[in-house]
Structures are given as C-alpha cells and as structure tokens.
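Beneath this line is the structure, given in structure tokens, with notes to follow.
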Amino acid sequence: MISGPEVCPFGGPRYAVLERLPERSISGRAHYLPAMFSSPAAGRLRIALMALFVVVSLVAAACSSSSTSSDDLPDLRDVPGAEASPEDKDMAPDFTVMTLDGAGFTLSEHLETDGRPVFLNMWASWCPPCRAEMPDIDAASESHEDVKFIGVAASDDPADSAEFATSIGIGYTIGFDEKGDVARAYETVGLPASYIISADGLILERIFGSVTEEEIDEMLNRWFS
C-alpha cells in the first residue's frame, strides 16, 4: 500500500478500515475500498475467490459458444432514441437523513412533492477524493437546477462533515448518514460514489470514484435533455 492518508477509519472501530488501492478503479477514478480486500489476513479468501473466478469464467466461456453472444448486442445508450426499459433499472432505496440546514431529506417525499430527479453523492470528510470533487459537484448543481443534488456524508462525524462542507461554501443539500445505513442500502463499497436517480425513483447510473463538473454535465444531459 502507498503511504500517506490512504488508511481511513470507516465510521470508527465499528466499521472496516478503508485503504486506497495502489491503482485506479476500472472507471479510472481514484476510490477507497474496505481493507478486508487488501489485508494480509484475507490471503486465503483472495485465493478462494480467484478459484471461484476461474470456475465462473470457464462456465461463462461455455455459455458464450451459443449462437447469439451478448457482445453482439449494442449498448442502448449508443443507439439514438433508444432507452433502457424500467425492468433494467433498480428502484432507489428510500432513505431519510438529517441535513445541514436542519430541514431533513426523505427521498420518497422529495420525489412525490418536488418531482425532480436526484444526483446523490456519497462522501466523507476523511476521504481525499471526496473532498476534491465537491467543488465540481457544487458547480454542476448550480447549472442543473432541474436536478436535486444531495451529498450524504457516510459513516462520518456530522460535525466534521458539516465543518468541511461549510468551509468550502457548498450550496447543495448536505445530509448525514453517521452509521452508514444509507451507504449500505445503496451497496456502496467505496467512496466517493454517486447515483443518478430518475423522477420515478429508478437508479439510472452508478458512478464509483470522483467526478468532474464536465462529466456530471454529460451524464445529466444524456439522461434528462
């Protein structure tokens, strides 16, 4: 593991330690993952998982010999005018969090009364990539008033997350998920992580790793323009 602030307490002793991977994620974005995946004590687990991966790969290879391969199917997002069916999307888990402004936020209530789609960002004050991307998210929120932006500080001390968000002048809604319940509901394995949620409550896209203002613009324009 690289040196520096790569090891961060995930909500204190009740939660796993996070470590920064020495390489970037599949998406090319720096992110943090539970140390259980990199701990020396997990050596036997990694070997078992590798063996399982080999078996699954062999089965997949056998299945791919059928007449129609999934590789031959186009990505719907590459087909002009095509959209994925609702069955291809997961419903966004409902959640309620206290917010920095004291108003609180409930996803289902927002979708019912406000009706705007949601850009949900999971972050923490102890996560360097999270801190680095927040000004870009803030800028994107100002140019996309038709989308509700909310940053939920996961497994973080509310005082620390509130202090950081206030210190850099974040204008979008900041919520607190001190025990990590929302992060677990969304199966967040590393921070930062963002989710684009439709006005119907469907998760349209998951982004693991930090994002730029330009990337957010591209994604939101693709889904909602």
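What follows is calculated from the coordinates using simple rules that are stated; it is not laboratory data. Just so we're clear, the structure is a prediction, and the values are computed from it rather than from any experiment. Positions of Cβ are backbone-derived with ideal geometry, glycine not excepted, and every protein chain shown enters the neighbour counts.
Under the condition of being of a type outside the set (D, E, K, R) and crowded, with 18+ Cβ neighbours inside 10 Å, which residue from the stretch 129-144 is nearest to the chain's Cα centre (by Cα)?
Of everything passing the filter in the stretch 129-144, C130 is nearest to the chain's Cα centre (by Cα).
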Original post:
Do you know which of the residues in the stretch 145-165 that are out of contact with any Leu (no Cβ under 9 Å at 6 or more places or on another chain) and in a helix (DSSP H, G or I) is surrounded by the most Cβ atoms within 10 Å (Cβ to Cβ)?
Top reply: F164
Original post:
Of the numbered conditions (1) touching a residue at least 40 places away in the same chain (Cβ under 8 Å); (2) surrounded by fewer than 20 Cβ atoms within 10 Å (Cβ to Cβ); (3) assigned to a loop (DSSP other than H, G, I, E, B), W126 satisfies every one except a single condition; which is it?
Top reply: (2)
Subject >> Selection within the stretch 168-220 - in contact (Cβ under 8 Å) with a residue 40 or more places away in the chain and of a type in the set (S, T, Y) >> reply: T173, Y186, T188, S194, Y195, S198, S210, T212
**OP:** Take the stretch 179-196 and flag every residue that is surrounded by 18 or more Cβ atoms within 10 Å (Cβ to Cβ) and farther than 17 Å from I216 by Cα.
**Re:** G180, V182, A183, Y186, T188, G190
Subject >> Unmet criterion (only one of (1) farther than 22 Å from M91 by Cβ; (2) part of a loop (DSSP other than H, G, I, E, B); (3) touching a residue at least 60 places away in the same chain (Cβ under 8 Å); (4) among the charged types (D, E, K, R)) for E133 >> reply: (2)
Original post:
Which condition breaks for D217 when tested against (1) more than 24 Å from K89 (Cα to Cα); (2) of a type in the set (D, E); (3) touching a His at 6+ places or on another chain (Cβ under 8 Å)?
Top reply: (1)
